[in-house]
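Can you keep this structure in mind? I'll have questions shortly.
Read-outs throughout are calculated quantities, based only on the coordinates presented, and are distinct from any laboratory measurement. What you see is a predicted model; the values in this text were computed from it and never measured. Methodologically, a virtual Cβ is constructed for each residue, glycine included, from the backbone with ideal geometry; neighbour enumeration extends over all protein chains shown.
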Amino acid sequence: MRYAYYPGCSLTESAREFDVSTRLVMERLGCELVEIPDWTCCGASAAEPVSRLMNYALPARNLAIAEQDMDGMDVLAPCAACYLNLLKVGREAVGDRHLHGRINEVLAASGLVYRGKARVRHLLDVLKNDVGAKIVEQKVTDSLKGMKIAPYYGCQILRPYPVFDDPGKPVSMEPFIEAMGGEVHRWDMGNRCCGASLMVGHPEVAIRSVAEILNAARGADAIATVCPLCQMNLEAYQAKAARAGGRRVPVLYLTQLMGLAMGLDDKAMRLSDNLTMTPAVRRGIAARAWAEPAPGQGAETVEASG
């Protein structure tokens with residue numbers, strides 16, 4: 001299985017651990033990721049307030065390159081915001097002759113044409129529909145047995161386009177948690193907004209949202225994410241969220257957990273890049289501390305501390 005890989009800006013800077021773990025895990029699963037040549041920013045959330053046309057032309061450029069140079073491969077975008085922006089072009093521009101034409105007028109300056117043929121996929125979509133939990137289970141060498149993991153999906157991979165899961169009750173991560181030997185933390189916060197960019201303009205609102213999510217993770221050993229912005233909000237603001245009633249809990253990308261279960265060490269998974277990975281937490285993960293909790297401690301032995 002080969003995919004046109006679009007890492008996007010976050011995975012080359014603030015979320016490098018997501019990029020590295022995705023590449024290594026997908027290789028272990030027999031998937032080849034071919035990076036789109038000369039890819040550029042998709043615009044994320046910054047382009048739309050500036051220019052509606054720019055908001056479509058930026059992601060369309062990357063899709064046009066994939067269509068032209070990558071032999072019909074599906075486009076894999078791990079970042080939730082990138083995935084949404086790339087997907088939105090196909091959903092809204094194709095079929096709108098005026099918008100599609102304006103986009104191609106812009107792309108013509110680079111000798112590109114966006115035809116609307118590239119299929120955009122999120123990492124979870126590929127894992128669920130192309131790989132499958134059984135294959136992941138076969139690759140597990142260091143089971144996460146006893147580890148309770150809260151799956152956190154966020155907003156953008158399922159809303160407003162519910163391509164591969166139910167936005168009201170997403171479950172696509174759960175088979176993979178179980179395939180790794182982990183236990184799913186049952187909660188109703190997996191699709192709750194983390195506050196996203198409100199953390200900049202209205203931090204008091206976003207902090208309350210983060211605190212509610214972290215508090216609902218009580219009893220879990222870790223939260224698994226698939227979105228760089230969600231990861232940032234849930235990790236970087238834990239101290240402020242604690243003052244609003246939240247708690248401290250390790251937050252890892254799903255691919256980091258998968259890598260650990262497949263025998264890759266914490267250095268390969270870049271756990272040191274995760275803000276909640278204190279030395280105590282990393283020692284607990286290395287020792288599989290959740291597997292044999294001390295009397296009276298239960299599942300919170302790997303909780304972030306300090």
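Grab the DSSP H runs of the chain that are 4 residues or longer, score each as -39,500 (n - 2.57), total them, divide by all residues and round the 222 nm result to the nearest 500 deg cm²/dmol.
Values: 14 runs with 125 residues, N = 306.
Computed ellipticity for the chain at 222 nm equals -11500 deg cm²/dmol.
Here is a follow-up. Could you size up the charge dipole of the chain around its Cα centre, putting +1 on the beta carbon of Lys and Arg and -1 on that of Asp and Glu, and report it in debye to the nearest 20?
Values: 34 positive and 35 negative charges, 97 e Å.
Computed charge dipole of the chain: roughly 460 debye.
I need to check one value: relative contact order of the range 2-123, counting alpha carbon pairs closer than 8 Å and at least 6 residues apart, in percent.
Details: 177 pairs, mean separation 36.9, N = 122.
For the range 2-123, the relative contact order is 30 percent.
Further question on the same structure: What does the convex hull of the Cα atoms come to per residue for the range 2-123, in Å³?
On the way: hull volume 11.1 nm³, N = 122.
Spread over its residues, the Cα hull of the range 2-123 gives 91 Å³ apiece.
Once the range 176-229 is represented by equal point scatterers at the alpha-carbon sites, with solvent omitted, what log10 I(q)/I(0) does the Debye formula produce at q = 0.18, 0.26, 0.29, 0.31 Å⁻¹?
-0.66, -1.09, -1.22, -1.29
How large is the charge dipole for the range 135-302, taken about the Cα centre, if only the Cβ atoms of Lys, Arg (+1) and Asp, Glu (-1) carry charge, to the nearest 20 debye? Walk me through the intermediate numbers first.
On the way: 18 positive and 17 negative charges, 87 e Å.
With only Lys, Arg, Asp and Glu charged at Cβ, the dipole is about 420 debye.
Suppose R0 equals 30 Å; then what is the FRET efficiency for residue 287 and residue 198 from their Cβ-Cβ distance, rounded to the nearest 0.05?
Values: r = 38 Å, r/R0 = 1.26.
E(calc), rounded to 0.05, equals 0.20.
Can you give the net charge of the other residues whose Cβ lies under 15 Å from the Cβ of residue 45, counting K and R as +1 and D and E as -1?
Working: positive: 52, 88, 159; negative: 48.
Its environment carries a net charge of +2.
Next up: Which of rounded, prolate, oblate describes the range 135-302, given a ≥ b ≥ c as roots of the alpha-carbon gyration tensor eigenvalues and a/c under 1.5 marking rounded, otherwise prolate only if a/b is larger than b/c?
Numbers: a/c = 1.69, a/b = 1.26, b/c = 1.34.
Note, shape of the range 135-302 comes out oblate.
Calculate, in nm to one decimal, what residue 117 and residue 105 gain on full extension: separation in residues at 0.36 nm each, minus their alpha carbon distance. Please list the in-between numbers first.
On the way: separation 12, 0.36 × 12 = 4.32 nm, distance 1.77 nm.
Additional length available on full extension: 2.5 nm.
Same structure, new question: Could you tally the net charge around residue 186, taking each other residue with its Cβ under 10 Å from the Cβ of residue 186, Lys/Arg +1 and Asp/Glu -1? Each step should come with its number before you reach the end.
Details: positive: 148; negative: 174, 183, 188.
For residues surrounding residue 186, the net value is -2.
Which entries in the list 145/267; 139/169; 148/267; 134/169; 139/240 go over 31 Å, if you measure between the two C-alpha atoms of each? Could you put the intermediate results ahead of the total?
On the way: 145/267 21 Å; 139/169 28 Å; 148/267 22 Å; 134/169 22 Å; 139/240 39 Å.
In this structure, 139/240 lie more than 31 Å apart at Cα.
Looking at the range 2-110, which GluC sites (Glu not before Pro) are in a loop (DSSP not H, G, I, E or B) and have at most 13 other Cβ atoms within 10 Å? Display every interim value, and only then the final one.
Working: sites: 13, 17, 27, 32, 35, 67, 92, 105; in loops: 13.
Qualifying residues, ordered by number: 13.
Where does helix 16-28 land angle-wise versus the long Cα axis of the chain, in degrees 0 to 90, nearest 10?
90 degrees
When we measure straight from the Cα of residue 88, which aspartates and glutamates land under 14 angstrom away, once same-chain ones fewer than 8 places off are left out?
48, 96
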